[in-house]
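Chemist: After the structure tokens below, expect a handful of questions from me.
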Amino acid sequence: MKLSEKMKELVESSRRELQGRESKSHDPGRRRMLGRTLAMAGAAGVATQAGAQALEVPPSAKEHGRPMPANEYGMPSKFEAHVKRRRTDVFVNRQNFSDWSMTPLHQQHGIVTPNGLIFERHHNGVPDIDPDKHSFVIHGMVRQPLKFSMADLMKYPSVTKFYFHECSGNGLTDWLAPKSKTVQQTHGLLSCAQWTGVPVATLLEEAGVLKEAQWALAEGADGASHARSIPMKKLLDDALLVYASNGEMLRPENGYPLRLFTPGWEGNTSVKWLRRLKLGDKPWHLRSETARYTDPMPDGKWRQFSMEMECKSVVTSPSGGMKIKPGTIEILGFAWSGNGSIRAVDVTLDGGRTWREARLEEPVLDKTLTRFRLTVKWDGAPMTIASRAMDSTGYVQPTVDDIKKVRAIVGFVQHHNAIFPWDVAASGEVSNAIG
Amino acid sequence: MRSAKVLVATVAVALAGCAAAPMGSSSAAGASAPPRLGQPISEAQLAKWNIDVRTPDGLGLPPGKGSVADGKKVYDAKCLACHGEAAKGGPVFGAMVGGIGSFKTNTRVLTPGSMYPYAGVLFDYVRRAMPMNAPQSLTDDESYAVSAYILHLNGLMPANGVGDAKTFTALVMPNRDGFISDTRPDVKAERCMSNCPPISSTRGKK
């Protein structure tokens, strides 16, 4: 088949799929391949017969576009309809109320995750809460228990901050052997947004924290009343009562109208649909902090309250499911740390024997996704690529082997921040190489 | 969580700051202070929201009680459809029995019996989140009863047992001493640039 025919077929089939507003394939490489094929055709230019066709005036330049409606909420192009959050295809839950869906990191441009693609984890579905009926309460070990309406909360001085947000279970299916195909499935319980809200400290001061108070229970108004014990220090340091992300009110699945946000900490401590903070002198040890979200350790033990999401990085392109061609390729990825900012990211092409430093793209912010890029020449020989990040505390991202020495990797284990290899075959096909 | 030790100091500082902030002050500092819009509310008015149990000492376990026998009735009517006969696993969730003692082996089987360090964890979770299709629809007596029944199925309560604040606080669960607090950073990696040991990968194993 000639390149032009192949291109046409690709465009047509992809258009058919997109117009169905549903991606039947689970293949993230698809659009990228299409993009690359087109780029190649362009670059090949004069050199190939297929690329030498004269350009016609496109239909879009010869007719009315869509008229402007009186008002609307803008949506992505229908040609982007394949860019979606997806549930895991490895750990398939038998119901979808307590479930999770993942951000397509390989399709994210820049460091900000669009609101509709911020990953989700909820424990009994997404509630639809009327902000006019929502109340938030602070009580327990305070001088005066207080109730706040949403309208009142939004009158307090707010702050707006970029922060990543990661589920402690990110990567839990892929510790010892490749289970997931794409980076969306291996790392997509990760997003980054610009969050707006009120420092929790402001409202705690108003209620008057009693000196015995050391912990607070944060509880949601969802059908699981999801709750976590949070140390007062975090609440007073940098925790926010967030009502907006990326310039608009939170989406229902991300906690509308109000959520706690604990920067750099495991995602489920940022309790969504927040209805109360109850101050106490000790943690509660609920199911969500004993039977769940804890790490198996040697000798049958479990480690709890592992709050910070430690320094981590992943190559998002090329990544699982993509196909590359020999020549110049740009290795692209994200690095982040719940303990600070990213200092350096190194990339290996030979499975870890040698590493070279990648370029960090500005802005490089505290507890925020940081982009790294490295341009390399690929000669078509099989290679194993991975990235390794170092944060502002000097902590270096470990390998699974490093972690295995101190923790028990049995079953679905939380807090996977290990270096993650992708295999590139001579065919250019990229696959998950964890193992 | 490496921050626990400095907690007391920080809270004290925050309190000092709080006490120093003059209420309704019209001084320059007061003018930039945030508004105070919280409406006072009493703990009594909050009673229906105040459903948490501090599980190690049972603080928050309500009055009331429920027997294993009554718990079976509640279970069969409201839980069995999802959790299966005698909590052995159903169409949407796996077994809630067994697994005790499995943590020393490589197959850690997680159930309320094997995993929960305190019986209050079970009561708290059932009361706040179950039955999943109608959470917070059980009475406290029903929550006690069905929790007692699940404990019984795990061999942790006799068939004639009764669940209440006292029995649930006194019960010593198998995994009571199973938890340790965060010890990270527990891994120290080097930033090696050349002649490094290869990272483990599928290729290395081929």
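Chemist: Taking each residue in A:149-158, count the Cβ atoms of any other chain within 10 Å of its Cβ, then average. What number comes out?
Modeler: Shielding by partners across A:149-158 averages 2.
Chemist: Calculate, for A:Asn96 and B:Asn195, the FRET efficiency according to 1/(1 + (r/R0)^6) with r their C-beta to C-beta distance and R0 56 Å; round to the nearest 0.05. List each step's numbers first, then the result.
Modeler: Details: r = 49 Å, r/R0 = 0.87.
It comes out at approximately 0.70.
Chemist: Calculate the FRET efficiency for A:Asp299 and B:Lys205 from the Cβ-Cβ distance with a Förster distance of 35 Å, rounded to the nearest 0.05. Numbers along the way, then the final one.
Modeler: Values: r = 28 Å, r/R0 = 0.80.
E between A:Asp299 and B:Lys205, to the nearest 0.05, is 0.80.
Chemist: If the only charges are +1 at each Lys and Arg Cβ and -1 at each Asp and Glu Cβ, what is the size of the charge dipole of the stretch A:85-302 around the Cα centre, to the nearest 20 debye? Walk me through the numbers before you get to the answer.
Modeler: Details: 26 positive and 23 negative charges, 47 e Å.
Computed about the Cα centre, the dipole is about 220 debye.
Chemist: What is the sum of charges around A:Glu253, taking Lys and Arg as +1, Asp and Glu as -1, for the other residues whose C-beta is under 12 Å from the C-beta of A:Glu253?
Modeler: Values: positive: A:Arg85, A:Arg121, A:Arg251, A:Arg259, A:Lys272; negative: A:Asp99, A:Glu120, A:Asp128, A:Asp222.
Cβ neighbours under 12 Å give a net charge of +1.
Chemist: Among A:Ala224, A:Leu250, B:Gly113, which residue has its Cα furthest toward the positive end of the charge dipole of the protein assembly as shown, with +1 on Lys/Arg Cβ and -1 on Asp/Glu Cβ?
Modeler: Checking the options against the dipole of the protein assembly as shown, the answer is B:Gly113.
Chemist: If you don't mind, another one. Please report how far the C-alpha centroid of the stretch A:390-435 lies from that of the stretch B:177-197, rounded to the nearest whole angstrom.
Modeler: 12
Chemist: Quick check on packing: order A:105-115, A:271-281 by the mean number of other C-beta atoms within 10 Å, highest mean leading. Mind showing how you got there, number by number?
Modeler: Numbers: A:105-115: 19.0, A:271-281: 23.9.
Order by mean packing, descending: A:271-281, A:105-115.
Chemist: Assigning unit charges at the beta carbon (Lys, Arg +1; Asp, Glu -1) and nothing else, what dipole magnitude in debye, to the nearest 20, does the protein assembly as shown show about its Cα centre?
Modeler: 1000
Chemist: Considering only A:Val424, A:Val242, A:Val400, give the residue with the highest GNM mean-square fluctuation for chain A, with springs between Cα atoms whenever their separation is below 10 Å.
Modeler: A:Val400
Chemist: Out of the total accessible area of the stretch A:314-435 (probe 1.4 Å, heavy atoms of protein only), what percent is carbon and sulfur? Display every interim value, and only then the final one.
Modeler: Numbers: 2000 of 4010 Å².
Summing carbon and sulfur atoms, their accessible area is 50 percent of the total for the stretch A:314-435.
Chemist: Hey, another quick one. Leaving ligands, DNA and RNA out of it, work out the accessible area of B:Lys65 with a 1.4 Å probe and give it in Å² to the nearest 10.
Modeler: 120
Chemist: For B:Gln45, put the label point 7 Å out on the Cα→Cβ axis and report which residues of the stretch A:190-205 keep their amide N under 20 Å from it.
Modeler: A:203-205
Chemist: Projecting each Cα onto the charge dipole of chain A (Lys/Arg +1, Asp/Glu -1 at the beta carbon, about the Cα centre), which of A:Ala239, A:Gln95, A:Val142 comes out farthest on the positive side?
Modeler: A:Gln95
Chemist: Per residue, how much accessible area does the protein assembly as shown have with a 1.4 Å probe, in Å²? List each step's numbers first, then the result.
Modeler: Numbers: 27700 Å² over 641 residues.
Averaged over the residues of the protein assembly as shown, the accessible area is 43 Å².
Chemist: Are any of the pairs A:Lys272/B:Lys48; A:Lys155/A:Lys234; A:Lys78/A:Lys155; B:Lys78/B:Lys166 more than 28 Å apart by Cα-Cα distance, and if so, which? Provide the component values of the computation, followed by the final result.
Modeler: On the way: A:Lys272/B:Lys48 19 Å; A:Lys155/A:Lys234 23 Å; A:Lys78/A:Lys155 38 Å; B:Lys78/B:Lys166 25 Å.
Going by Cα-Cα distance, A:Lys78/A:Lys155 fall outside the 28 Å limit.
Chemist: Starting from the Cα gyration tensor of the protein assembly as shown, take the square roots of the eigenvalues, sort them a ≥ b ≥ c, and report rounded, prolate or oblate (rounded when a/c is under 1.5, otherwise prolate if a/b is larger than b/c, else oblate). It would help to have the intermediate numbers written out before the result.
Modeler: On the way: a/c = 1.73, a/b = 1.48, b/c = 1.17.
Because a/c hits 1.5 or more and a/b exceeds b/c, the protein assembly as shown counts as prolate.
Chemist: Can you list the residues of the stretch B:48-94 whose accessible area drops by at least 20 Å² going from the chain on its own to the full set of protein chains, with a 1.4 Å probe?
Modeler: B:Trp49, B:Asn50, B:Asp52, B:Arg54, B:Thr55, B:Pro56, B:Pro91, B:Val92, B:Phe93
Chemist: On average, how many beta carbons from a partner chain sit within 10 Å of the beta carbon of a residue in B:162-175?
Modeler: Details: counts 0, 0, 0, 0, 0, 0, 0, 0, 0, 0, 0, 0, 0, 5.
Going residue by residue through B:162-175 and averaging, the value is 0.
Chemist: Same structure, new question: With +1 on each Lys and Arg Cβ and -1 on each Asp and Glu Cβ, how big is the dipole of the stretch A:344-418 about its Cα centre, in debye rounded to the nearest 20?
Modeler: On the way: 11 positive and 10 negative charges, 31 e Å.
Computed charge dipole of the stretch A:344-418: roughly 160 debye.
Chemist: What order, most packed first, do the peptides B:135-141, A:292-298, A:228-234 have when packing is the mean number of other Cβ atoms within 10 Å of each residue?
Modeler: In descending order of packing, they fall as A:228-234, A:292-298, B:135-141.
Chemist: Hey, how many Å between the Cα centroid of the stretch A:208-286 and the Cα centroid of the stretch A:309-375?
Modeler: 31
Chemist: Expressed as a whole percentage, what fraction of the accessible surface of the stretch B:49-196 belongs to carbon and sulfur atoms when a 1.4 Å probe is rolled over the protein heavy atoms? Before the final figure, lay out each step's value.
Modeler: Numbers: 3870 of 6660 Å².
That fraction is 58 percent.
Chemist: What number results when the radius of gyration of the stretch B:54-206, computed over Cα atoms, is divided by 2.2 N^0.38 Å?
Modeler: Details: Rg = 20.4 Å, N = 153, 2.2 N^0.38 = 14.9 Å.
Scaled against compact globular proteins, the figure is 1.37.
Chemist: Still on this structure, I have one more. What total accessible surface area, summed over both chains, is buried at the interface between chains A and B, computed with a 1.4 Å probe and given in Å² to the nearest 100? Walk me through the numbers before you get to the answer.
Modeler: Details: alone 20860 and 14730 Å², together 27700 Å².
Chains A and B together bury approximately 7900 Å².
Chemist: Here's something else I'd like to know. By the gyration tensor of its Cα atoms, with a ≥ b ≥ c the square roots of the eigenvalues, what is the shape of the stretch B:38-85: rounded for a/c under 1.5, prolate for a/b over b/c, or oblate?
Modeler: Details: a/c = 2.91, a/b = 2.20, b/c = 1.32.
Taking the square roots of the gyration eigenvalues as a ≥ b ≥ c, the stretch B:38-85 is prolate.
Chemist: I would also like to ask the following. Just checking the output field for A:233-244: average partner chain Cβ neighbours within 10 Å of each residue's Cβ? Provide the component values of the computation, followed by the final result.
Modeler: Details: counts 11, 4, 2, 7, 3, 0, 0, 0, 0, 0, 0, 0.
Average neighbour count from other chains, rounded to a whole number: 2.
Chemist: What order, most packed first, do the peptides A:73-85, A:356-368 have when packing is the mean number of other Cβ atoms within 10 Å of each residue? Display every interim value, and only then the final one.
Modeler: On the way: A:73-85: 12.6, A:356-368: 16.2.
Descending packing order for the listed peptides: A:356-368, A:73-85.
The values are calculated or read from the model by the stated rules, or taken from the named source; none is laboratory data. Computed from a predicted structure; not experimentally measured. Cβ: placed from backbone, ideal geometry, glycine included. Neighbour counts: every protein chain shown. In case anyone asks, the SASA skips ligands and DNA or RNA and just uses the protein heavy atoms, side chains included. Shrake-Rupley method; radii C 1.70, N 1.55, O 1.52, S 1.80 Å.
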